[in-house]
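Asks: Dropping a structure here in structure tokens format, bear with me for questions.
What follows draws every value from the coordinates through simple rules; no lab data is involved. Note that the structure is a prediction, hence the values are computed from the model and not measured. A quick note on method: Cβ atoms are made from the backbone with ideal geometry, for glycine too, and the neighbour counts reach across all protein chains shown.
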Amino acid sequence: MNRPSPSSPAPPFAPRDALSRVRVVLSNPSHPGNIGAAARAMKTMGLRRLYLVRPKRFPDPEADARAAGAGDVLERAVVRETLDDALSGVVFAVALSARHRNLGPQRLQAREAAPLILERAEAGDGDVALVFGNETTGLSNDEVQRCQRAVFIPADASYSSLNLGAAVQLLCYELRLAACGGRPREATRTLPFSSPPASSDDIERFYAHLMRVMVRTGFLDPRQPKRLMAKIRRLFGRAALERDEVNIMRGILDAAERAFGGQISEDRFQKTEDRR
Ligand code: SAH
């Protein structure tokens, strides 16, 4: 596998190259909805290359509807008459099948297979392919034997046959996980509710305020503080308080003080809006 040397910066999105060499081949799909679902499953995981062998109905509005935002994957889908045609240029193909077959290729679980598939894709000698079967009949023995491995999703033994789109989703997910070393980057970069971390000054003022309110309310006897403050510090230390959160806590303490006829603490710090 191509790994960056420890000193070189990480590439912006390393898996793209390997994932762009993965074909998802649907052999004889009957339901256009599943073709759309497969396209969507692929795109959400960074795969784009869909191959269809003798689809019953394609293109089809149901495929478009189920693809949602992955219409581009459908538009670029390659339709072929035979599996051999769809596998032309492929150096490593795996057959997806829940069933155990005598005389088939070596069987692997999806999670074991993913790094192997990627390794072959990263080698750059040619494309690799995931081959899925028809919704009712699955893959024929002949089709499975055209592949170098048989891959199964370890489902419940009493009913192990997943919906085609769901099977495609799972495999694409495993490939993505493997491509990102088990830790894919988050799709969402902004955290809408997070504010900057509170400074230790903010936090110390909060503890002092809390202490004052605990004493005033009679919750804490200052002559016998025991280990209460240490425990409270531990609790809030775990929470990694943000500025907004400290503001909220201090607002609650202010309200409690007002209810007790006291005055609002003098060291109340600026509102969050002023500090951004
Ligand atoms: N009735 C068919 C299953 C069809 S499901 C059969 O017995 O083979 C459609 C396709 O989804 C399958 O051909 C296979 O490619 C994939 N699939 C579904 N469940 C799977 C599983 N547990 N493991 C691997 N592939 C699976």
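Asks: Put a dot 7 Å past each Cα toward the Cβ at GLN224 and SER20; how far apart are the dots in nm?
Replies: 7.2
Asks: Take ARG111, ARG223, ARG40 and order them by how many other Cβ atoms sit within 10 Å, fewest up front.
Replies: Lowest to highest Cβ neighbour count: ARG223, ARG111, ARG40.
Asks: Oh, and also: If the elastic network links every pair of Cα atoms under 10 Å, which of GLU245, GLU135, GLU112 fluctuates the most in the Gaussian network model of the chain?
Replies: Answer for the Gaussian network model of the chain: GLU245.
Asks: Would you look at the GNM of the chain, springs on alpha carbons closer than 10 Å, and say which of LEU170, LEU220, LEU26 moves the most?
Replies: LEU220
Asks: Another question, if that's okay. What FRET efficiency comes out for TYR173 versus ARG107 if R0 is 22 angstrom and r is the Cβ-Cβ distance? Round to the nearest 0.05.
Replies: 0.65
Asks: Continuing with the same structure: Once the Cα atoms of helix 32-44 and of the chain are each reduced to a long axis, what angle between those two axes, in degrees from 0 to 90 to the nearest 10, is obtained?
Replies: 50
Asks: Using a 10 angstrom cutoff on alpha carbons, build the Gaussian network for the chain and name the most mobile of ASP125, ASP64, ASP254.
Replies: ASP254
Asks: If the convex hull of the alpha-carbon atoms of the stretch 172-253 is projected onto planes in all directions, what is the mean projected area in square nanometres?
Replies: 8.1
Asks: Give me the distance in nm between label points sitting 7 Å out from Cα along the Cα-to-Cβ direction at ALA255 and THR44, one decimal.
Replies: The two pseudo-label positions are separated by 3.9 nm.
Asks: Same structure again: What are the extents of the Cα atoms of the stretch 18-179 along their three principal axes, listed from largest to smallest and rounded to whole Å?
Replies: That gives 39, 36, 29 Å along the principal axes, largest extent first.
Asks: What are the ³J(HN,Hα) values, in whole Hz, obtained from phi via the Karplus relation 6.51 cos²θ - 1.76 cosθ + 1.60 with θ = phi - 60°, for each residue of the stretch 156-173 in sequence order, with x given for Gly and Pro?
Replies: Result, rounded to whole Hz: 5, 4, 6, 6, 9, 9, 7, 4, 3, x, 5, 5, 5, 4, 4, 5, 5, 5.
Asks: Multiplying the sequence separation of ALA123 and HIS100 by 0.36 nm and subtracting their Cα-Cα distance, what value in nm do you get?
Replies: Length gained between ALA123 and HIS100: 5.3 nm.
Asks: Ok, one more. At 7 Å along Cα-to-Cβ for each site, give me the label-to-label distance between TYR207 and ALA166 in nm.
Replies: In this crude spin-label approximation the distance works out to 5.1 nm.
Asks: In the stretch 192-232, whose amide N lies under 13 Å from the spot 7 Å out along Cα-to-Cβ of ALA240? List them in ranges.
Replies: Flagged as within label range: 194-198.
Asks: Pairs of alpha-carbon atoms within less than 8 angstrom and 6+ residues apart define the contacts here; what relative contact order does the chain have, in percent?
Replies: The normalised contact order for the chain reaches 19 percent.
Asks: If you don't mind, another one. Taking the Cα atoms only, what angle lies between the long axis of helix 228-239 and the longest principal axis of the chain, rounded to 10 degrees?
Replies: Value to nearest ten degrees: 30.
Asks: Compute the distance from the alpha-carbon center of the stretch 131-166 to that of the stretch 63-78, in whole Å.
Replies: 23
Asks: For the chain, treating each Cα as an identical point scatterer without solvent, what Debye log10 I(q)/I(0) comes out at q = 0.09, 0.14, 0.16 1/Å?
Replies: Scattering profile of the chain, log10 relative to I(0): -0.61, -0.90, -1.13.
Asks: Separate question: Would you order ARG23, ARG76, ARG176 from fewest to most other beta-carbon atoms within 10 Å of each residue's own beta-carbon?
Replies: ARG76, ARG176, ARG23
Asks: Using amide H atoms built 1.01 Å from N in the peptide plane, name the residues 5+ places from LEU108, or on other chains, whose amide H lies under 5 Å from its own.
Replies: So LEU108 has HN proximity to ALA150, VAL151, PHE152.
Asks: What's the exposure ranking of PHE92, PHE58, going from fewest to most Cβ atoms within 10 Å?
Replies: PHE58, PHE92
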